[in-house]
């Protein structure tokens, strides 16, 4: 068995509270997954990652990138080390992407055929070939709890015809990914540590910015029957309302009893909004990448305007602050007075600004810890409010029942 | 009161076990002090620094560099933030150097007069002037528990005459540093937090590589009566036996009831050797700088040859390993199987090599934590053996007494 997904509450807007049981542990959803590109969430120690967030509960699940680990240190080396969990000493759940997105965004001289993609490494120009079967082989060697079907990421913008053609290729590759995974899933390096458990392969919905193609893609993938579904190819430069629309149209088609994952999003208010729409999993490099550039997220103070967009649900607003600004030079407050992450409990804005200005590596580390904590706290708050919303909706009924007794 | 120094044991070789009581806490000596140049021990979080070492007791005292903090963010800013302890959130003891070493090694266009040194910043070429009085003012604003007299660091090699002249200037500056400190010690930013406590100003012995000048310098400084004495201007490229000889000749003159600090040393076997000779405090950028270059220290395995030099005292040998070597690519052992620091408890050589090869910042962090732990463990072992050596020397006497009863 790969995973089980237990939904405990569903709110009127579609958002749901669930537990995703994976071989390496249980993930409370909706969840944000920090990105650990090269088997490290940049600048953050694993022992710290296990403690981030105001509740000090840490990240529940993290990502690693197949493309990067395939090139260095190589998936066969990681297999020999027992898989990526043991290699990086991360005992909790993990997810790997298929390598597709990086092949299409980072590598050079790509040549796409029905069979797969030939490309040159962005590191040394060496020639490589990824087919759906090869991506799955690499991801089985890495041994994350969840792996992804190999997909083509169409360029943006693309015509309806081009998008349709690319989507069809993605569907063919999804079927081949699934067939290959089912034939080889027993080869995962931790097979003997978790008898009877396997990885879980998610399909990826494509279809660009066309609602009809998104729906069609979701329908085709659902026919193939994956244990979970991702929505890919979004947040690639399109307006936010287009992203929201594509997600909404896709969620209508995806089965409500399986986990639904939007890849590569987003700002704090976005992940909150999508979670309230019924998205269970999200990942993004934004909190860590922004941190390295001195961009921090904090909650708005009373009366302060945040960067949230108005929506159906009132969401707590997130304010962006650029720590290098002179106004923070002698500011003795923590980044976010409402945050109790280890950075906000200990360090001042003045100190973080100093570290950033003098280019001390500790600055990127502390900024990353806070931003990741802010993202995890956002999801924690959404999970709590989803349960509360359902309780509110149920309570009158309960009273009614009690009255009847 | 600045400090008190309680010696509990002295071994035959001169090494002593003591407790150095400072306003921000008590330091068990002999001690190695990690260097936190710009108010951060590079790449290491303060919460981690409080836990490094196999006993997880953390660093007892760290350094910060006056020259760097004077330039950025500026000592007056740090004063307004409550001093360097509060600024960087480090509640334990700290020490600042005088800025002299960096002025003479980093800055440009120095012009030395009896009054002080005019120099240009290595960052932006801006013009600055450091006199003994100004160095002390800056160090009082920073507010470390221990501050250092402003000294001239003579170039190496230097003639006896040139070294003598420079030493005389250092003595004149030491007297001016002391007079200025005594007049202004009440201005330390934490004065009201520790009523009746002040910083402690150490004098610095110079004299280059000339034993007679070293002795003379020590005698002049002892006449001035400092609460502690540093030996400066060593480990600047001279052969190791010269370093040892200069330290030995100086220790003969320095009072045995006051703390003695050798600045800027050294390799693990060096700090052990000097501690056994009677040096109480040492600092060096080596463990953290080497870590960032992938050079790690570990204890020798049985039968393995270390890099220790033969000496009067058998010292545990330290082996240097370069983590980038291919031989570690699939090595699942910790850096040092005999080490129980947080890095050796959790991470493999294979993972650390990967991080170094792909230039992930976490590599420098984990390497630094291990190397610092190795240094602290070395001193912890020396402290234990100093107590044991004294106990061994005393025991026969005790038996004799018992027999007489």
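The values are calculated or read from the model by the stated rules, or taken from the named source; none is laboratory data. Small disclaimer: the values here were computed from a predicted structure and weren't measured. Because the Cβ atoms are built from the backbone with ideal geometry, glycine has one as well, and the counts that use them run over all protein chains shown.
For the reader, a short list of remarks on this structure follows.
- Whether a residue is within 12 Å of another protein chain (Cβ to nearest Cβ) and more than 21 Å from residue B:178 (Cβ to Cβ) was assessed, and residue B:89 passes this test.
- Restricting attention to the range A:157-168, the residues that are assigned to a helix (DSSP H, G or I) and within 24 Å of the chain's Cα centre (by Cα) add up to 3.
- Condition broken by residue B:316, with the remaining ones in (1) surrounded by fewer than 22 Cβ atoms within 10 Å (Cβ to Cβ); (2) touching a strand residue (DSSP E or B) at 6+ places or on another chain (Cβ under 8 Å); (3) modelled with pLDDT of 95 or more satisfied: (3)
- Test: residue in the range A:34-45 that is away from every other protein chain (no Cβ under 13 Å) and part of a loop (DSSP other than H, G, I, E, B): no
- Scanning the range A:349-365 for residues that are free of Cβ contacts under 8 Å to residues at least 24 places away in the same chain and more than 7 Å from chain B (Cβ to nearest Cβ) yields one hit, A:359.
- Of the criteria (1) farther than 30 Å from residue B:166 by Cα; (2) touching a residue at least 24 places away in the same chain (Cβ under 8 Å); (3) in contact with a helix residue (DSSP H, G or I) (Cβ under 9 Å, 6 or more places away or on another chain), which one residue B:77 fails: (2)
- Selection count, the range B:314-348, where residues are under 19 Å from residue A:85 (Cβ atoms) and away from chain A (no Cβ under 14 Å): 0
- Residue within the range A:274-283 that is on the phi > 0 side of the Ramachandran plot, in a loop (DSSP other than H, G, I, E, B) and modelled with pLDDT under 95 present: no
- Residue list for the range A:34-52, restricted to those being crowded, with 24+ Cβ neighbours inside 10 Å and farther than 19 Å from residue B:342 by Cα: A:34, A:36
- Some residue of the range B:85-101 being closer than 25 Å to residue A:352 by Cβ, out of contact with any strand residue (DSSP E or B) (no Cβ under 7 Å at 6 or more places or on another chain) and not in a helix (DSSP H, G or I): yes
- Qualifying residue in the range A:50-64 (condition: under 30 Å from residue A:129 (Cβ atoms), in a helix (DSSP H, G or I) and within 14 Å of chain B (Cβ to nearest Cβ)): no
- Under the condition of being assigned to a helix (DSSP H, G or I) and surrounded by 23 or more Cβ atoms within 10 Å (Cβ to Cβ), the residues counted in the range B:102-139 number 6.
- One residue from A:217, A:185 being closer than 24 Å to residue A:19 by Cα, in contact (Cβ under 8 Å) with a residue 40 or more places away in the chain and part of a helix (DSSP H, G or I): A:185
- Test for residue A:242: is it touching a residue at least 24 places away in the same chain (Cβ under 8 Å) and surrounded by fewer than 17 Cβ atoms within 10 Å (Cβ to Cβ): yes
- Yes/no for residue B:211 being within 23 Å of residue B:130 (Cβ to Cβ), surrounded by fewer than 18 Cβ atoms within 10 Å (Cβ to Cβ) and modelled with pLDDT of 95 or more: no
- The condition of being more than 14 Å from every other protein chain (Cβ to nearest Cβ) and on the phi < 0 side of the Ramachandran plot holds for residue B:21.
- Residue identified as under 15 Å from the mean Cα position of the chain (by Cα) and not in a helix (DSSP H, G or I) among A:266, A:237: A:266
- When the range B:269-286 is filtered for residues that are over 13 Å from the mean Cα position of the chain (by Cα) and surrounded by fewer than 24 Cβ atoms within 10 Å (Cβ to Cβ), the ones remaining, listed by number, are B:269, B:276, B:277, B:278.
- Any hit, the range A:287-294, residues being within 20 Å of the chain's Cα centre (by Cα), away from chain B (no Cβ under 14 Å) and buried (at least 19 other Cβ atoms within 10 Å of the Cβ): yes
- Condition check for residue A:27: within 18 Å of the chain's Cα centre (by Cα), crowded, with 20+ Cβ neighbours inside 10 Å, under 28 Å from residue A:342 (Cα atoms) and within 12 Å of chain B (Cβ to nearest Cβ): no
- Answer residue from the range A:73-84, given it is more than 7 Å from every other protein chain (Cβ to nearest Cβ) and either in a helix (DSSP H, G or I) or at pLDDT below 95 (or both) and is surrounded by the fewest Cβ atoms within 10 Å (Cβ to Cβ) among those: A:76
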